[in-house]
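Some notes on the structure that comes next.
The values are calculated or read from the model by the stated rules, or taken from the named source; none is laboratory data. Keep in mind that what you see is a predicted model, and the values were worked out from it rather than measured. Reconstructed Cβ throughout: ideal geometry from the backbone, glycine too, with neighbour counts over all protein chains shown. The accessibility values were calculated without ligands, DNA or RNA, using every heavy atom of the protein model including side chains. Shrake-Rupley method; radii C 1.70, N 1.55, O 1.52, S 1.80 Å.
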Amino acid sequence: MAIGGSVISPGDIVIGDEDGVVSFPQAVAAESLEKVKAQVQREADTITAIREDRYQGDEEIPVKKGDFWRRPGNVPHTMRAGPEGRRVLDVFPPPPPEYRKPGKGFGDT
């Protein structure tokens, strides 16, 4: 049987909700369930971080040229560049008090 261009074979698992419908063979059900559980946990962790006003926690967030990344105020952060290095514009509206003192606000090392 085909639905919307997707072929559904006998024995396939079909799941649908308000976001859409997905189907997959029973043979991959256990593996798919583990992947779904991991995704649900990542989403729960993200929601917790947002509620705690802590978007990134201990995560490393890879960015590429042209990306924009926003973090809430008063969240410690750092940056690690690849072997070719990077230019990063770190904007503080308004600048925190430690950045208003010459020689301050640039880390301990």
**Request:** Go over the candidates I61, I50, I8, I13 one by one and state the one that is among the β-branched types (V, I, T), open to solvent by less than 80 Å² (accessible area, probe 1.4 Å) and either closer than 25 Å to P97 by Cα or at pLDDT below 85 (or both).
**Result:** I61
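Within the range 2-31, count every residue that is on the phi > 0 side of the Ramachandran plot and either of a type in the set (S, T, N, Q) or not in a strand (DSSP E or B) (or both). Write out each step before concluding.
Pass one, the range 2-31, residues on the phi > 0 side of the Ramachandran plot: 4-5, 11, 20.
Now drop any that are not either of a type in the set (S, T, N, Q) or not in a strand (DSSP E or B) (or both), which leaves 4-5, 11.
The total comes to 3.
Is it the case that some residue within the range 72-84 is modelled with pLDDT of 70 or more, among the charged types (D, E, K, R) and surrounded by 10 or more Cβ atoms within 10 Å (Cβ to Cβ)? Walk me through how you get there before you give the answer.
First pass over the range 72-84, keeping only residues modelled with pLDDT of 70 or more: 77-84.
This time we only want the ones that are among the charged types (D, E, K, R), so: 80, 84.
Next, from what is left, pick out any that are surrounded by 10 or more Cβ atoms within 10 Å (Cβ to Cβ): none.
Within the range 72-84 (the criterion being modelled with pLDDT of 70 or more, among the charged types (D, E, K, R) and surrounded by 10 or more Cβ atoms within 10 Å (Cβ to Cβ)), the answer is no, since none of the residues qualifies.
What about Y99, is it at pLDDT 65 or above, among the aromatic types (F, W, Y) and over 30 Å from I8 (Cα atoms)? Before you say what the answer is, go through the steps one by one.
Numbers: at pLDDT 65 or above: yes; among the aromatic types (F, W, Y): yes; over 30 Å from I8 (Cα atoms): yes.
The answer is yes for Y99.
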